[in-house]
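Read the structure below first, then the notes.
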Amino acid sequence: MVAHSHHRQRLRSDADHDLRTWVSTCLERLDPALALIASGSMDPEAVHQARVALRRIRVAFSLVEGCPHTAPIQTQDPLVALFRGLGTHRDNDMQQSLLSGMLGQRWSDWAMTQIAATPKAHPADRQTLVHDTRHRMALNALRAWTALPQSQTAPRGKPWRQHLQKRLQQWHRRVQSDALGFDQMEVEAVHRLRKRLKRLRYALNFLYQQHARPDVKAYLRQLAPLQEALGDFNDAHTAMHHCARWRPSADQATCLAWLDFQQAQARARAKTLLGCLYTDLPSLW
């Protein structure tokens, strides 16, 4: 019983240490972005940086799922709401640059006239989102928790290393499973696969800072172009969604055909890269 208690104490200490370190790093990136948004800035990069940091915090909490820890888990629902609210603004911010980049100068000029003539959604004001009491309380709770003294400085214990390896292997296998049916995968399923790859890559990037194994580095090099190809696929789909809402015309038909071709090219690249992905996740230790 004493040994079991010591085991859980060490596991909780290791989980707390890594989670606190990771969340602290995310808050260092999140806080300046939220401050900029709260000041009234309309800079789309601030929204992007805030969402990246919030997603990384979600990945960190997902990584420790199933392990004892002292982090304030009740903070996650409000932060998910903040992430999604900022996502609507991100979509609006990116519409013009996305279409310009994918259509080229000839068709992007036409697309800009269509965007200007299309009624836009009016999501909750971004300043209101940042100042929302629930969001502020959740962030303050996280900041207070990360400010607590760190007690663990020894290398990670075996139970915690085993948990991390098992958790990441589960995420890797989900990606491998998705790869089997990639040819017939619907757009929403491709989007979920892209999010799973982000989750896996974020976790490995954090852990890799302290564990420089060549095979892990090689695995990460595989994930980067795959995530980029899936991102291009998603961008083409989003651009087609915008374009399909505009008044039917020869210009619209040409643009839709070009975006459909780009989406097919991105799917083909992703399929090739998925076929080259490691069969098993490399050992982190």
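The values are calculated or read from the model by the stated rules, or taken from the named source; none is laboratory data. Please read all numbers here as calculations on a predicted model, not as lab measurements. Every residue, glycine as well, gets a Cβ built from its backbone with ideal geometry; the counts of neighbours run over all protein chains shown. In case anyone asks, the SASA skips ligands and DNA or RNA and just uses the protein heavy atoms, side chains included. Shrake-Rupley method; radii C 1.70, N 1.55, O 1.52, S 1.80 Å.
Please work out if Val23 is surrounded by 22 or more Cβ atoms within 10 Å (Cβ to Cβ) and in a helix (DSSP H, G or I).
So Val23 fits the description; yes.
Sort out which residues of the range 206-226 are in contact (Cβ under 8 Å) with a residue 24 or more places away in the chain and not hydroxyl-bearing (Ser, Thr, Tyr), and write them in order of number.
Listed by number, the residues that qualify are Phe206, Leu207, His211, Arg213, Asp215, Val216, Ala218, Gln222, Leu223, Pro225, Leu226.
Take the range 240-261 and flag every residue that is open to solvent by 50 Å² or more (accessible area, probe 1.4 Å) and part of a helix (DSSP H, G or I).
Of everything in the range 240-261, those that are open to solvent by 50 Å² or more (accessible area, probe 1.4 Å) and part of a helix (DSSP H, G or I) turn out to be His241, Ala244, Ala250, Ala253, Thr254, Ala257, Trp258, Asp260, Phe261.
Among the residues of the range 185-196, write down those that are among the basic types (Lys, Arg) and open to solvent by 60 Å² or more (accessible area, probe 1.4 Å).
Arg192, Lys195
Among the listed residues Ala179, Ala147, identify the single one that is open to solvent by 20 Å² or more (accessible area, probe 1.4 Å) and either modelled with pLDDT of 90 or more or basic (Lys, Arg) (or both).
Within the list Ala179, Ala147, the selection yields Ala147.
Residues checked against (1) open to solvent by less than 30 Å² (accessible area, probe 1.4 Å); (2) on the phi < 0 side of the Ramachandran plot; (3) within 17 Å of the chain's Cα centre (by Cα):
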position	(1), (2), (3)
Gln165	no, yes, no
Asp183	no, yes, no
Lys198	no, yes, yes
Ala203	yes, yes, yes
Leu207	yes, yes, yes
Pro214	no, yes, no
Leu223	yes, yes, yes
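Return the residues of the range 26-53 that are in contact with a Leu (Cβ under 7 Å, 6 or more places away or on another chain) and open to solvent by 30 Å² or more (accessible area, probe 1.4 Å); say none if nothing qualifies.
Selection gives Asp43, Arg51.
So if I check each of Ala203, Ala270, Ala229, which one is among the small types (Gly, Ala, Ser), closer than 30 Å to Ala15 by Cα and touching a residue at least 40 places away in the same chain (Cβ under 8 Å)?
Testing whether each residue is among the small types (Gly, Ala, Ser), closer than 30 Å to Ala15 by Cα and touching a residue at least 40 places away in the same chain (Cβ under 8 Å) leaves just Ala203.
Among (1) open to solvent by less than 30 Å² (accessible area, probe 1.4 Å); (2) part of a helix (DSSP H, G or I), which single condition is Cys67 missing?
Of (1) open to solvent by less than 30 Å² (accessible area, probe 1.4 Å); (2) part of a helix (DSSP H, G or I), only one is false for Cys67: (2).
Being open to solvent by 40 Å² or more (accessible area, probe 1.4 Å) and part of a helix (DSSP H, G or I): is that true of Gln227 here?
Criteria not met by Gln227.
Got a sec? Which of Tyr202, Tyr278 is out of contact with any strand residue (DSSP E or B) (no Cβ under 6 Å at 6 or more places or on another chain), among the hydroxyl-bearing types (Ser, Thr, Tyr) and in a loop (DSSP other than H, G, I, E, B)?
On inspection, the qualifying residue turns out to be Tyr278.
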